[in-house]
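Novice: What follows is a structure written as structure tokens; I'll ask about it next.
The values are calculated or read from the model by the stated rules, or taken from the named source; none is laboratory data. Remember, predicted model here, so these are calculated numbers, not experimental data. Heads up, the Cβs are rebuilt from the backbone with ideal geometry, glycines too, and the neighbour counts pull from every protein chain shown.
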Amino acid sequence: MNERDVAAQNIVEKHVWWAAGAGLVPIPFLDMAAITAIDMKMLRELSAAYEVEFLEDRGKALVASLTGGVGSGLLAYSSRIGTVIKAIPFIGQTIGALTMPIFGGAVTYAVGKVFIQHFATGGTMLDLEPEKVRHFFGEQYEKGKRLVTRKREPVPSPVPA
């Protein structure tokens with residue numbers, strides 16, 4: 001990794017934790033607005049790091065397209081359920097407090113990784129095609145969930161010779 005890629009990774013990791021914290025906001029839909037604002041700030045910083053013009057409206061559209069397309073919309077569905085469930089007194093707030101930080105951090109991680117990969121290969125905000133990176137986004141979302149929950153990928157044990 002070159003210096004720019006390391007800086008970009010640090011940008012993503014910083015915003016992952018901000019987005020996870022935003023998932024704790026107890027007010028339904030305000031949590032999603034906060035996560036979106038954090039993602040836009042991250043994209044602005046990544047754009048600057050890679051010297052790519054930042055376009056906020058295009059960024060919002062790309063993030064919506066990426067998150068809405070994973071698992072046939074399952075990701076977007078789970079985020080709406082997580083934010084709506086917070087409206088149920090006590091139980092809903094507890095469930096929301098457990099699920100939304102994971103969702104927020106994982107989505108931010110995946111968005112960041114997609115844009116790092118895209119910008120590092122010379123892409124711009126205008127030529128990113130969400131349908132071509134959906135699989136990669138899904139993989140990164142799962143890695144983001146593991147990061148936020150501190151779960152590590154299993155390390156294969158050595159096979160005795």
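Novice: For segment 48-67, which positions are in contact (Cβ under 8 Å) with a residue 12 or more places away in the chain and more than 16 Å from the chain's Cα centre (by Cα)?
Specialist: Once the filter is applied, which keeps residues that are in contact (Cβ under 8 Å) with a residue 12 or more places away in the chain and more than 16 Å from the chain's Cα centre (by Cα), segment 48-67 yields A49, Y50, V52, E53, F54, L55, E56, R58.
Novice: Filter the helices (runs of 4 or more DSSP H) completely within segment 1-95 down to those with at least 1 residues that are modelled with pLDDT of 75 or more, surrounded by fewer than 18 Cβ atoms within 10 Å (Cβ to Cβ) and charged (D, E, K, R).
Specialist: Answer list for segment 1-95: 3-22, 30-49, 56-69.
Novice: Which condition breaks for L128 when tested against (1) under 13 Å from L46 (Cβ atoms); (2) loosely packed, with under 15 Cβ neighbours inside 10 Å; (3) not polar (S, T, N, Q)?
Specialist: For L128, the failing item is (2).
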